Amino acid sequence: MATVKEDTVSIKLYKPTNLILEELIKPNSYYTVQVRRNNGTSYLDIIEGKKLHKYIPAIYYFIHVLLERQHVSYDTLRCQYDKTFVRMFARDIEPLKSKNYFNIITRKLKTLGIIEAKTYYEANKYRFTASSTYYRFTDVYSNSTISQHEIAVKESKARKLNEKFGVRLKDKAEAVNLSEFKSIPSILHQYCALPNVKFDADGARNCVKKLYNENQITIDRLNSCIYYILNISNGRFYNTYSKVCNRFFTTINGMPKELRQFILDKDSNGLVELDFGSSTAFAVYKILSGNIIEHTSEVEKMLFENEVYMFKRLLESGDFYSAIKKLVFPDKNFDRDQIKDIVIKNWFNSTPKSRNVNKKQIAKIFPRITNYMDGMKSKAYEDFFNFVMLLESKLVNEIIYQKFINLHPDAIIYTIFDSYLIQRQYADELLELMKQEGFLFYNVEVVIKQKHFNAISNYSGMVGQPDVTDKMDCINI
C-alpha cells in the first residue's frame, strides 16, 4: 500500500536569540554521539554533521521544552538543591523523534556548551533510589532573550505538537476531559474563557523591555514575560486541574504580574484586580479557630487561645506579613515579599522536623500554634498545606466566583489564585461580594486590595492578539 505524502506546515518554537544550531553544527564535520539501544543501554558512535542536521528540529524542540520548564512554575520538576535546574525526560522529544534519540540530543547540546546537567540519586514512587538528571542553559544562553524560531513539520506531527501546546483545534474535539469539570461549573467557566482573552501583546512586550532596560527586572524575569506573551499571541493555553487542592492552573493565573495590566475587556479597557490580602494566613486562621483541640490543662488551652487571638489581631491590622515583620523580625532588613516567603515556606509549609532559623524565630512568639501545625503535618506534611489551598480555592472558586457568574454569566472575569481580574463596571459589586463572603467564611474582617489598570496607551501597542515574531529561519523535517 502506497504511503500518503503529507503536506508540511510551520510550527513556531522558542529559543535563546543567540542560539543558532545550523551555525554550531557544521555539515562537513564529524561528531561523537551517544546512541541509546532499545534495552536502555547506550554506545558511542561517530556521525557526519550532515546527518546530525536531520536532528536539528528535534533539538530545537528539546530547547523549547526546557525553556517552558524554566519559565512556568513546575516546582515538582525542579531540582531541590538548585532550582535553576529542571528535569527533562526522553519523551520530551516526541513526536519529532523517538525516545532513543534523547541521549544523542542531550550529549550534543552539552558538548556544544548549550546546556549543563547534574545527576542526583533520589527516591521516587517506583524505587527507593534512582538517578535523576536535571538540565539548564549555560550562562551564554540563559542571559539571552527568548525569540521565536520556525520549523516546517508534517501535518500529523504539527497537530500533535499543537495539542501539547494547548492550541484549541477547531476541527477536533476538546483534548481535555470536560466531564471532570462538570461538577465544578466555576472551573468549566474559566476553561471556556481562556482562548477568548484579549491581550495587548505589543504593549506588554514594550513594557517589559523598558523595565529590563531600567534594571527593574532581571533577564530571567524578562524571558518569563516574553514566554507568556508569545504563548498568548500564538493561542497556546495550558490548563491543569488539581483535585487535591481544587485549583485550576492556567496561562492567565500563571503569568508574571507585570503582564496583568495588558489583559483587556471588549472595549480595550484595562481590568480591575481585586486581591484578598494575606489570603493564606486567613485560611490558616480558619483551621486554628475552627478545630476542637484537646489540651493537657486549662492553662495550656488559655495560652493557645491567646496565640490564636494574637494571630487574629495581626490579620486585622490590614497587612499580616508586615505585622509579622514588626513583631518577630524588628531588626531584620526584610521587605514584605521576603517576609511573606518566609512565613509561607518556613512556617506554614515547613516540614515538622524543620530546623530553619526563621521558623525557630517565629516559634518563639507562636510556640503552640507551631506545634499544632507540625502535629497536623506529622503523617503527611503535604496534606496540611494542600488543605490550606483547598480552603482558599473553596472561597475564591466555589463560593464567590460561582455566585458572581450566576449573576453575570457574560462578564469578563479571571481568577489568579486568591485574586480576580474583573471588568470595571462589575468591580464594586464583586468587591462587596468578596467582603461579605470572606467574613462569613473566615469569621474575621478580610482585607481586599484593589488595583485599577488603565487603558493601554503608554506603550503604544496594537490591541488584540498580534502575531509576535522575530526574524525566523525555516527548516524542514
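The values are calculated or read from the model by the stated rules, or taken from the named source; none is laboratory data. Keep in mind that what you see is a predicted model, and the values were worked out from it rather than measured. In this analysis, Cβ positions are derived from the backbone assuming ideal geometry, glycine residues included, and neighbour counts consider all displayed protein chains.
At a glance:
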quantity	calculated
Residue in segment 335-356 that is closer than 22 Å to GLY438 by Cβ, under 27 Å from the mean Cα position of the chain (by Cα) and surrounded by fewer than 15 Cβ atoms within 10 Å (Cβ to Cβ) present	yes
Tally, over segment 4-19, of residues that are surrounded by fewer than 18 Cβ atoms within 10 Å (Cβ to Cβ) and either within 20 Å of ARG221 (Cβ to Cβ) or without any contact (Cβ under 8 Å) to a residue 12 or more places away in the chain (or both)	4
Given (1) surrounded by 15 or more Cβ atoms within 10 Å (Cβ to Cβ); (2) assigned to a helix (DSSP H, G or I); (3) not charged (D, E, K, R), index of the condition ASN371 fails	(1)
Of the criteria (1) in contact with a strand residue (DSSP E or B) (Cβ under 7 Å, 6 or more places away or on another chain); (2) surrounded by 15 or more Cβ atoms within 10 Å (Cβ to Cβ), which one THR133 fails	(2)
Filter result (part of a helix (DSSP H, G or I), under 17 Å from VAL343 (Cα atoms) and among the hydroxyl-bearing types (Ser, Thr, Tyr)) within segment 309-321	TYR321
Index of the failed condition, ASN306 passing every other in (1) in a loop (DSSP other than H, G, I, E, B); (2) free of Cβ contacts under 8 Å to residues at least 40 places away in the same chain	(1)
Qualifying residue in segment 183-200 (condition: touching a strand residue (DSSP E or B) at 6+ places or on another chain (Cβ under 9 Å), closer than 22 Å to LYS15 by Cβ and at pLDDT 85 or above)	no
Among (1) surrounded by 15 or more Cβ atoms within 10 Å (Cβ to Cβ); (2) under 23 Å from ILE413 (Cα atoms); (3) without any contact (Cβ under 8 Å) to a residue 24 or more places away in the chain, the one test that SER279 misses	(3)
Filtered residues of segment 228-243 (kept if crowded, with 20+ Cβ neighbours inside 10 Å and either touching a His at 6+ places or on another chain (Cβ under 9 Å) or of a type in the set (S, T, N, Q) (or both))	TYR228, ASN231, SER233, ASN234
Exclusive hit being aliphatic (A, V, I, L, M), without any contact (Cβ under 8 Å) to a residue 40 or more places away in the chain and part of a helix (DSSP H, G or I), set ILE287, ILE292, ILE339, ILE344	ILE339
Single match in ASN253, ASN246 (criterion: surrounded by fewer than 22 Cβ atoms within 10 Å (Cβ to Cβ), in contact with a Ser or Thr (Cβ under 8 Å, 6 or more places away or on another chain) and under 30 Å from ILE11 (Cβ atoms))	ASN253
Segment 347-364 - residue that is in a helix (DSSP H, G or I) and not β-branched (Val, Ile, Thr) and, of those, farthest from VAL328 (Cα to Cα)	PHE348
Residues of segment 58-107 classified as among the polar types (S, T, N, Q) and either over 25 Å from LEU230 (Cα atoms) or more than 24 Å from the chain's Cα centre (by Cα) (or both), total	5
Flag if ILE151 is among the hydrophobic types (A, V, I, L, M, F, W, C) and part of a strand (DSSP E or B)	yes
Considering residues of segment 62-100 that are touching a strand residue (DSSP E or B) at 6+ places or on another chain (Cβ under 8 Å) and aromatic (Phe, Trp, Tyr) only, the residue nearest to PHE165 (Cα to Cα)	TYR74
Subset tally (residues that are among the aromatic types (Phe, Trp, Tyr) and surrounded by fewer than 19 Cβ atoms within 10 Å (Cβ to Cβ)) for segment 78-119	2
Close pairs from segment 405-421: first in contact (Cβ under 8 Å) with a residue 12 or more places away in the chain, partner in a loop (DSSP other than H, G, I, E, B) and charged (D, E, K, R), Cβ under 7 Å, at least 6 apart	ILE412/ASP265
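A quick yes/no check of all residues on (1) among the hydroxyl-bearing types (Ser, Thr, Tyr); (2) within 23 Å of PHE262 (Cα to Cα); (3) at pLDDT below 95:
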| site | (1), (2), (3) |
| --- | --- |
| ASP383 | no, no, yes |
| GLU392 | no, no, yes |
| PRO409 | no, yes, yes |
| THR415 | yes, yes, yes |
| GLU437 | no, no, no |
| VAL447 | no, no, yes |
